[in-house]
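One structure below.
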Amino acid sequence: MPLAKDEIARALGELRKNLTKRKFSQSIDLVVRLREVDLKKPENRINETIALPNPPEKALKICVIASGDLATRAKAAGADMLVSRQEIENLGKDKKAARKLAQDYDFFISEAPLMPLVGRALGSFLGPRGKMPTPVPPNAPIDQVVSNHRKMVRVRMREQPVLQCRVGTEGMADEKLVENIQAVVSRIEQKLERGFKNIGEILVKATMSEPVKIAFAK
């Protein structure tokens, strides 16, 4: 059951009314609080990447781990960072650099044959952050893969039954934010055992604001 567009628009309007102008473009975040979800069951721990209909204005940073032709094409496709096999091996010996790489990039894409090496060298840094790379074959259409990842957000549950992700920026039109919010909530609903009945509260907030509830039928 999708959220009503007018209710999302109402919440966004209330949020904007109380926003204080900042020297930076604030992110608009969606917060979904769940209820009656047993977090002891692994299948209830949501960890999803969701493609937004309208990519946020703040570009996501994509790191591609590849060699040869795939690396060349990834560079042409505009990947923000390229990491070679040798560099991965070096990172396995440099925890500080490995940790910084994991922190600095939003999504990782890896040539499939390099995944075992990536797991050994970076798994302990990427895994806990939910950033293990998307594996792709050497002949993958990497330009399309990179483009698709720039539209994605990660929705991940940690120790509490709460999900939060960025759905845009304050400079985006409300219509686009509404579509993004609907897309994320719809995907979350599909992952829940009882659908909307497992959702207790849905809120929208800016980086420096108090949250505003989005009303919905339970």
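Laboratory data are not the source of any read-out in this text; all were calculated from the coordinates shown. Keep in mind that what you see is a predicted model, and the values were worked out from it rather than measured.
By the equivalent-ellipsoid construction on the alpha carbon gyration tensor, the stretch 62-149 comes out with semi-axes of 20, 13, 11 Å, ordered largest to smallest. Cα centroid separation, the stretch 79-112 to the stretch 136-174: 19 Å.
Take every pair of alpha-carbon atoms less than 8 Å apart whose residues are at least six positions apart; their mean separation over the length of the chain yields a relative contact order of 41 percent.
The Rg/Rh ratio of the chain, with both radii computed over alpha carbons and Rh defined as the Kirkwood radius, is 1.01. Cα centroids of the stretch 202-218 and the stretch 52-71: 29 Å apart.
One chain, two ends: ARG194 and ARG158. Fully extended at 0.36 nm per residue, the span grows by 11.0 nm beyond their Cα-Cα distance. Helical runs assigned H by DSSP (4 residues or longer) give the chain a calculated mean residue ellipticity at 222 nm of -10500 deg cm²/dmol, each run adding -39500 (n - 2.57) before division by the residue total.
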